[in-house]
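The values are calculated or read from the model by the stated rules, or taken from the named source; none is laboratory data. What you see is a predicted model; the values in this text were computed from it and never measured. Because the Cβ atoms are built from the backbone with ideal geometry, glycine has one as well, and the counts that use them run over all protein chains shown. With ligands, DNA and RNA removed, areas are computed over all heavy atoms of the protein, side chains included. Shrake-Rupley method; radii C 1.70, N 1.55, O 1.52, S 1.80 Å.
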Amino acid sequence: MLKQCHQYNLPEAGCDEAGRGCYAGPVFAAAVMVPQDFFHPLLNDSKQVAPEIREELRVFIEANVLDYAVAYVDEKEIDRINILRASFKAMHLAIKKLKQLPELLLIDGNRFVSYKRIPHHCVIKGDGIYASIAAASILAKTYRDDYMRRLHEEFPQYQWRQNKGYGTEEHRKAIEAFGLCKYHRKSFNIVPPQLKIF
């Protein structure tokens, strides 16, 4: 069972990202502040939850948390500053959008760059430990999936509706056949340099 919070004295937000390992599209992040009685029996790390359940959880989270925000950093910025910094920046942007400034941040993973001197606590696999991080993982994932489905309409040959920009076999074969498009992360060195970019 997920823990509601790390401590009970300070308002805290859980943060997570989605899309860090993708070949294409932005990295998304969410920040979520949950009440102490927040509970849903199916809430978990988004990777452990079926897509249709993620959508159900998204509706529940948005209706029942104290505050939430979602933000992203696009592929051009990822190429410019690198994916790790872009992930941190997306989290910072999400935290900044919260209506209430938290006094403690719970970050999924083992590294983070401090935001406005707010203390933070990095938690490896935190999306399977804390409800706020799990909720952030669900929002980041579902918002990003929606975004990639919209990009699919522009470049259907890459099948982003299915693979969401990850390096699946079908996506790699499409890159070999069609080259890179403007939404691919050029810094990821995912294709030989002779392939076309459009």
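Quick look at the numbers
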item: For the range 1-65, Kirkwood radius (reciprocal of mean inverse C-alpha pair distance, Å); result: 13.4 Å
item: Set of the range 1-21 residues, backbone N closer than 12 Å to the point 7 Å along the Cα-Cβ line of PHE39; result: 1-4
item: Which of SER46, VAL34, TYR147, positive extreme of dipole for the chain (C-beta unit charges); result: TYR147
item: Inter-label distance for LYS97 and CYS122, nm, one decimal - labels placed 7 Å from Cα along Cα-to-Cβ; result: 2.5 nm
item: Carbon plus sulfur fraction of accessible area for the range 80-198, probe 1.4 Å, in percent; result: 52 percent
item: Cα Rg, Dmax (largest Cα-Cα span) when computed across the chain, Å; result: 17.2, 57
item: The chain: calculated mean residue ellipticity at 222 nm from DSSP helix runs of at least 4, using -39500 (n - 2.57); result: -11500 deg cm²/dmol
item: Spin-label pair LYS173/ILE53, simplified geometry with 7 Å Cα→Cβ offset, distance in nm; result: 3.0 nm
item: Heavy-atom SASA rank of ARG149, ARG54 (probe 1.4 Å, accessible area, largest first); result: ARG149, ARG54
item: Accessible-area ranking of MET33, MET1, largest first, probe 1.4 Å; result: MET1, MET33
item: Surface accessible to a 1.4 Å probe, per residue, for the residues of the range 101-176, Å²; result: 47 Å²
item: Heavy-atom SASA rank of GLU17, GLU103 (probe 1.4 Å, accessible area, largest first); result: GLU103, GLU17
